[in-house]
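*Asks:* Structure incoming, see below.
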Amino acid sequence: MENVLPIQNDAMFHKSLKKLIKFYSVEKIRVKYSEYGAATKRRRLITIGFKDNDANEFINILEKKKKPCKTVGHVIKKFINMNEGEFPDHVWPNLKTIERYKNYYNTGKFGWYKLNFDEPAPSFGNIMKTYILHPLAGEGDFPYRVLSVREVMAIMGFPDNFIFPLKMGHTVKYQMIADAVSPFFSIACAEALHEMLEFE
């Protein structure tokens, strides 16, 4: 199970775990997607349960799947000179009021980010709610805009051949990415599980 870190303070979560540990080997780990190759520092709590295996065995294998993170620049540079719509899902909303909030990006508060090319992105949610800016926003002739759907997908680790249905709106696309587990971490989990099953 994947969830945000504060779920550790939820009484219902602990009540459910107490029931599960009677029948399963259950462990919790904190993960940062950047440690598995993604260009985002998003942190999540992962809860693992096995009926016939030790959950710690899975965690130990998963630890060996870690790899160097990518930077924002590394994953979005190919889209910099592309026009809107030139690549599938390389689209963004025309937020007419966005320039009113320029000063907010200097506060360092959660959600008010102009990303840095040379680092993984901080954790952020739905672009339609958080207005996360492209690293070049407002510089020279580059438009003052938020990240495109495709750029957010790249930061999370989705491959270029993953494409949303054409008629799906911006808000839904951004929300689905915000709610997703990074494919880099998903692949690491699948590989760890495969190793466990292979050696049974």
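The values are calculated or read from the model by the stated rules, or taken from the named source; none is laboratory data. For clarity, every value in this text was computed on a predicted model and none was experimentally measured. Cβ atoms come from the backbone with ideal geometry, glycine included; neighbour counts cover every protein chain shown. Each accessible area value is taken on the protein alone, full model and side chains, heavy atoms only, with ligands, DNA and RNA left out. Shrake-Rupley method; radii C 1.70, N 1.55, O 1.52, S 1.80 Å.
*Asks:* Out of segment 103-122, which residues are touching a residue at least 24 places away in the same chain (Cβ under 8 Å) and of a type outside the set (S, T, N, Q)? Write out each step before concluding.
*Replies:* Looking only at segment 103-122, we keep the residues that are touching a residue at least 24 places away in the same chain (Cβ under 8 Å), and these are 105, 115-122.
Across segment 103-122, the qualifying residues are Tyr105, Leu115, Phe117, Asp118, Glu119, Pro120, Ala121, Pro122.
*Asks:* Also, I was wondering about something else. Give segment 28-55 a look and list any residue that's closer than 25 Å to His194 by Cα, open to solvent by less than 60 Å² (accessible area, probe 1.4 Å) and in a strand (DSSP E or B), or say none.
*Replies:* Those that are closer than 25 Å to His194 by Cα, open to solvent by less than 60 Å² (accessible area, probe 1.4 Å) and in a strand (DSSP E or B): Ile29, Val31, Lys32, Tyr36, Arg44, Leu45, Ile46, Thr47, Ile48, Gly49, Phe50.
*Asks:* A further question follows. Are there any pairs, at least 6 apart or on different chains, whose C-beta atoms fall under 6 Å, with the first in segment 77-102 and under 14 Å from Ala137 (Cα atoms) and the second of a type in the set (Lys, Arg), and if so, which?
*Replies:* Short answer, once both residue conditions are applied: Trp92/Arg145.
*Asks:* Residues Ile48, Ile76, Ile59: which one is closer than 24 Å to Tyr33 by Cβ, within 18 Å of the chain's Cα centre (by Cα) and aliphatic (A, V, I, L, M)? Before you say what the answer is, go through the steps one by one.
*Replies:* Working: Ile48 fails: within 18 Å of the chain's Cα centre (by Cα); Ile59 fails: within 18 Å of the chain's Cα centre (by Cα).
Sole residue among the options that is closer than 24 Å to Tyr33 by Cβ, within 18 Å of the chain's Cα centre (by Cα) and aliphatic (A, V, I, L, M): Ile76.
*Asks:* Could you tell me whether Tyr105 is at positive phi, open to solvent by less than 80 Å² (accessible area, probe 1.4 Å) and among the hydroxyl-bearing types (Ser, Thr, Tyr)?
*Replies:* no
*Asks:* Going through Gly108, Gly125 one at a time, which residue ends up being under 17 Å from Pro93 (Cα atoms) and either of a type in the set (Phe, Trp, Tyr) or not in a helix (DSSP H, G or I) (or both)?
*Replies:* Numbers: Gly108 fails: under 17 Å from Pro93 (Cα atoms).
Only one candidate qualifies: Gly125.
*Asks:* Here's something else I'd like to know. Give the residue that is farthest from the chain's Cα centre (by Cα), with candidates limited to residues of segment 21-41 that are over 30 Å from Ala154 (Cα atoms) and not charged (D, E, K, R).
*Replies:* Residue satisfying both the conditions and the ranking: Phe23.
*Asks:* Are any of the residues in segment 146-156 of a type in the set (Ser, Thr, Tyr), without any contact (Cβ under 8 Å) to a residue 60 or more places away in the chain and touching a helix residue (DSSP H, G or I) at 6+ places or on another chain (Cβ under 8 Å)?
*Replies:* Within segment 146-156, none of the residues are of a type in the set (Ser, Thr, Tyr), without any contact (Cβ under 8 Å) to a residue 60 or more places away in the chain and touching a helix residue (DSSP H, G or I) at 6+ places or on another chain (Cβ under 8 Å).
*Asks:* Quick test of your reading of the structure: Lys173 fulfils all but one of (1) without any contact (Cβ under 8 Å) to a residue 40 or more places away in the chain; (2) in a helix (DSSP H, G or I); (3) basic (Lys, Arg). Name the failing condition by number.
*Replies:* (1)
*Asks:* Can you tell me which residues in segment 69-126 are basic (Lys, Arg) and under 17 Å from Asp160 (Cα atoms)? Before the answer, list the steps.
*Replies:* Of all residues in segment 69-126, those basic (Lys, Arg) come to 70, 77-78, 96, 100, 102, 109, 114.
Selection gives Lys70, Lys77, Lys78.
*Asks:* Which numbered condition in (1) part of a loop (DSSP other than H, G, I, E, B); (2) touching a strand residue (DSSP E or B) at 6+ places or on another chain (Cβ under 7 Å) is the only one that Val91 fails?
*Replies:* Exception for Val91: condition (2).
*Asks:* Only one residue in Glu99, Glu86, Glu63 is of a type in the set (Asp, Glu), touching a Phe, Trp or Tyr at 6+ places or on another chain (Cβ under 8 Å) and exposed (fewer than 15 other Cβ atoms within 10 Å of the Cβ), so which one is that? Working first, answer last.
*Replies:* On the way: Glu86 fails: touching a Phe, Trp or Tyr at 6+ places or on another chain (Cβ under 8 Å); Glu63 fails: touching a Phe, Trp or Tyr at 6+ places or on another chain (Cβ under 8 Å).
Residue meeting the stated conditions: Glu99.
*Asks:* Right, next: Among what's in segment 121-171 and is of a type in the set (Lys, Arg) and under 17 Å from Met82 (Cβ atoms), pick the residue that is surrounded by the most Cβ atoms within 10 Å (Cβ to Cβ). Can you show your working first?
*Replies:* Here is the first cut: in segment 121-171, the ones of a type in the set (Lys, Arg) are 129, 145, 150, 167.
Within this subset, residues satisfying the condition of being under 17 Å from Met82 (Cβ atoms) are 145, 150.
Details: Arg145: 18, Arg150: 26.
Per the stated criteria, the residue is Arg150.
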